[in-house]
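*Asks:* So that we are looking at the same thing, I have put the structure below in structure tokens.
The values are calculated or read from the model by the stated rules, or taken from the named source; none is laboratory data. These numbers come from a predicted model, not from an experiment. Quick reminder, even Gly has a Cβ in these numbers, built from the backbone with ideal geometry, and neighbours come from all protein chains shown. Heavy atoms of the whole protein, side chains included, go into the accessibility calculation; ligands, DNA and RNA do not. Shrake-Rupley method; radii C 1.70, N 1.55, O 1.52, S 1.80 Å.
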Amino acid sequence: MSHIAELIAVGTELLLGNIANTDAQMISQGLSELGIHVYYHTVVGDNPARLRSAVEIARRRADILITTGGLGPTCDDLTKQTLAQVFGRELVFDEPSAQRIRSYFQRLHHDRPMTENNLQQAMLPEGCTIFANDWGTAPGCAFEAEGVRVIMLPGPPRECRAMFTHRALPYLRALADGTIVSRTLKIFGMGESSVEALLRERMNAMTNPTLAPYAKEGEMELRITAKAPTEAEARDLIAPVEEELRDLLGDVIYGADVKSLEEVAFALMEAQGLTFGTAESCTGGLVAKRMTDLPGASAVLKGGVVSYADEVKHNVLGVPQALLDQYGAVSPQVAEAMARGARRVLGCDLAVSTTGVAGPDPDDRGNPVGLVYVALAGAEFCHVQELHLGRGRAMVRSRASLHALAGEAVSTAGRGRARRLAVGRPPCS
């Protein structure tokens, strides 16, 4: 039997946007591994009438309800009371839970007495399975009523994650009828609409596995999802779909189940013992920043030069003044000289450079906002890519940094040396 779960997050602070609902993401991932479908996420404030309405709706469309939040000691923590009323359960005092709460305060807050309202957390639905909370005070619980399984977990993410992993998951494994496995192909250099148009008929015809596109900042993902009795069987369903997509899309797929372009570039360079550096103008150090976000980046990154001013391009990177005067800073010639200069100054195997117009206005030579040149230099080659990245300063800088890292990854992988980079421009001698 397939199960459908709905997650109900309780807390006005979620609706106000004061905190993000990370509990829902974590729980959904765990449920998918059990083959339990999550069709709805609901967020409701600390209001018993609205919570009751949300629960009444959820119980009609799901057979597993998981709530997070509203189990604490204050007057607005009303999740247990509300769900007990909806499902006709009495709340009863659980002395072992009360003793755990007292012990928690004695251990961590021995310098101040525990207020009696904390014992409200020991009031639990009669006959429920109690989830002891070793990471906080509020216990969780689970019960079944009218064909619906109800699970209540505390809201603080540290407690919720531990309680879900060590208490709720073992309880739910008895319900699992398979597993859901996803594999995410990361794509750069082809937009979501183009990919969707190419794959629309395939996606509409697929049932198991399924295929879905997701737009990200400057790139996109294709997620292949399969359900099967075991993880191995689900991966066997995914494999031929991935192979077909790789044949169809080629090098625009830069990785599978990886976090980012910089992660791929780093892994490729580390595996081949290569070092690299950056010379950045319009991106202002963003390429180097993306790399240094990765642990162990010092194994490959030699350093970077933020050459925003022309005199830095000339005095530090050695860009000939004649190039700057004749072509301007935003030009393929200067991008090339910057990359070559970075290799020389930093003593690295590969170097990337970025120079362009991030906006909000065109530059003094009339170059439009969004025009960017990215160069990639190695010992025996140099390639320059001309980009038109639209408007919006942050977007232009972010996309330019991604193109720089894509060039690094492509070159390092040795696939025709910047197959995507050489846009109408031959390799430099």
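*Asks:* Just one of the numbered conditions (1) in a helix (DSSP H, G or I); (2) modelled with pLDDT under 90; (3) under 24 Å from residue 31 (Cα atoms) is not true of residue 241; which one?
*Replies:* Evaluating residue 241 over (1) in a helix (DSSP H, G or I); (2) modelled with pLDDT under 90; (3) under 24 Å from residue 31 (Cα atoms) leaves (2) as the failure.
*Asks:* Consider the range 313-327. How many of its residues are farther than 16 Å from residue 373 by Cβ and either in contact with a strand residue (DSSP E or B) (Cβ under 7 Å, 6 or more places away or on another chain) or modelled with pLDDT under 95 (or both)?
*Replies:* Looking only at that region, the number is 1.
*Asks:* Among the residues of the range 78-116, count how many are open to solvent by 70 Å² or more (accessible area, probe 1.4 Å), of a type in the set (S, T, N, Q) and under 21 Å from residue 156 (Cβ atoms).
*Replies:* 2
*Asks:* Give the number of residues within the range 288-323 that are part of a helix (DSSP H, G or I) and over 27 Å from the mean Cα position of the chain (by Cα).
*Replies:* 9
*Asks:* Read through the list (1) in contact (Cβ under 8 Å) with a residue 60 or more places away in the chain; (2) over 28 Å from the mean Cα position of the chain (by Cα); (3) open to solvent by 40 Å² or more (accessible area, probe 1.4 Å), then give the number of the only condition that residue 272 fails.
*Replies:* Only one criterion in (1) in contact (Cβ under 8 Å) with a residue 60 or more places away in the chain; (2) over 28 Å from the mean Cα position of the chain (by Cα); (3) open to solvent by 40 Å² or more (accessible area, probe 1.4 Å) is unmet by residue 272, namely (2).
*Asks:* Do any strands (runs of 3 or more DSSP E) entirely within the range 324-391 hold 3 or more residues that are closer than 19 Å to residue 284 by Cβ and not hydrophobic (A, V, I, L, M, F, W, C), and if so, which?
*Replies:* Result: 350-356.
*Asks:* What number of residues in the range 117-137 are in a loop (DSSP other than H, G, I, E, B) and either open to solvent by 70 Å² or more (accessible area, probe 1.4 Å) or out of contact with any strand residue (DSSP E or B) (no Cβ under 9 Å at 6 or more places or on another chain) (or both)?
*Replies:* Going through the range 117-137 one residue at a time, the tally reaches 6.
*Asks:* Which of the residues spanning the range 247-287 are of a type in the set (Gly, Ala, Ser), part of a strand (DSSP E or B) and over 13 Å from residue 406 (Cβ atoms)?
*Replies:* Listed by number, the residues that qualify are 256, 277, 279.
*Asks:* Given the residues 58, 54, which is the only one that is among the small types (Gly, Ala, Ser), within 19 Å of residue 147 (Cβ to Cβ) and open to solvent by less than 10 Å² (accessible area, probe 1.4 Å)?
*Replies:* 58
*Asks:* Could you tell me how many of the residues in the range 304-336 are touching a residue at least 24 places away in the same chain (Cβ under 8 Å) and crowded, with 18+ Cβ neighbours inside 10 Å?
*Replies:* Qualifying residue count, the range 304-336: 12.
*Asks:* Among the listed residues 256, 267, which satisfies the condition of being over 14 Å from residue 350 (Cβ atoms), touching a Ser or Thr at 6+ places or on another chain (Cβ under 8 Å) and surrounded by fewer than 21 Cβ atoms within 10 Å (Cβ to Cβ)?
*Replies:* After ruling out the rest, the residue left standing is 256.
*Asks:* Next up: Would you please list the contacts, defined by Cβ atoms under 6 Å and residues six or more apart or on different chains, that run from a residue in the range 8-25 that is closer than 18 Å to residue 57 by Cβ to a residue that is modelled with pLDDT of 95 or more and open to solvent by 70 Å² or more (accessible area, probe 1.4 Å)?
*Replies:* These pairs meet every condition: 24/41.
*Asks:* Further question on the same structure: Give 225, 283, 278, 292 a once-over and let me know the one that is polar (S, T, N, Q) and modelled with pLDDT under 95.
*Replies:* 225
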